[in-house]
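So the structure is just underneath, and the comments pick up after that.
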Amino acid sequence: MTIFDWPANLTPADVLLKPPRKTVGNKSLSEVTQVVPSIRPPFSLSLRFDILGGDQVIAYRALLASLEGRANTVRVPLFDVFRASNAQIGAGAVTHSDGTAFSDGALYLTDDLSGVTVTGAQGQRIITVDFGDYGQLLQGGLYFGLGDRPYIATAVWWEGSVAKIRCSPTLRQNYVDEPLKLKPTMLGFLPDDDAGEHLLRRGLWAAPTIDLEEDFRVTLP
């Protein structure tokens, strides 16, 4: 399996992100529905595009071909406009891990928080995170990421710069000093081999919808 990155020139017009559902229902031939707990409920993401043309059509076709149906996975941003702004996040530059810069004084560029980390055990519902100088950037209803796993904060309590976050789902795995991201990404795969089909209008433009489901086939560090 190969992980591909979402094309930078594809921004959806409409986004439907469904958080993990705790139950699944199966209907029998007699119309009786049995609701049972879901062992590992995923996020699911539906992206709808108004009009794609030119290089966007090419990028979309290349992505679908790369996924090879359900064989591969894509690292996709959640496209959440309600997150903290870039100015609030303070995306900028950081040093090496030992606090030093390059020989010419240059630093590493960042596009998310730096130095805000999470330590917790798999199954943990509430985590404590020190946001330091960033301040109170998270509230209930906002998404955050740990690695390529998305989470949603269902409630946040602040004491100064320290947040106690109740999250859904519970932590997918054990984390030790895992960087917290306010621009979360998700590893997603097509739920059907023919998902994402795109009719070309007059052979030039497309307005596709692509559905993705969180991929647990990939073991994250």
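Table for the structure above
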read-out	value
Top-ranked residue of the stretch 120-163 - restricted to ones that are assigned to a strand (DSSP E or B) and of a type in the set (D, E), ranked as surrounded by the fewest Cβ atoms within 10 Å (Cβ to Cβ)	E159
Matching strands (runs of 3 or more DSSP E) fully within the stretch 27-119 where at least 2 residues are modelled with pLDDT of 90 or more	44-48, 73-77
Number of the condition not met by Y175 [criteria: (1) hydroxyl-bearing (S, T, Y); (2) free of Cβ contacts under 8 Å to residues at least 60 places away in the same chain; (3) closer than 19 Å to S46 by Cβ]	(3)
All strands (runs of 3 or more DSSP E) inside the stretch 164-221 with 1 or more residues being surrounded by 12 or more Cβ atoms within 10 Å (Cβ to Cβ) and of a type in the set (D, E)	175-181, 209-214
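The values are calculated or read from the model by the stated rules, or taken from the named source; none is laboratory data. If you're wondering where the values come from, they're calculated on a predicted model, not measured in any experiment. We place every Cβ from the backbone using ideal geometry, glycine too, and count neighbours over all the protein chains shown.
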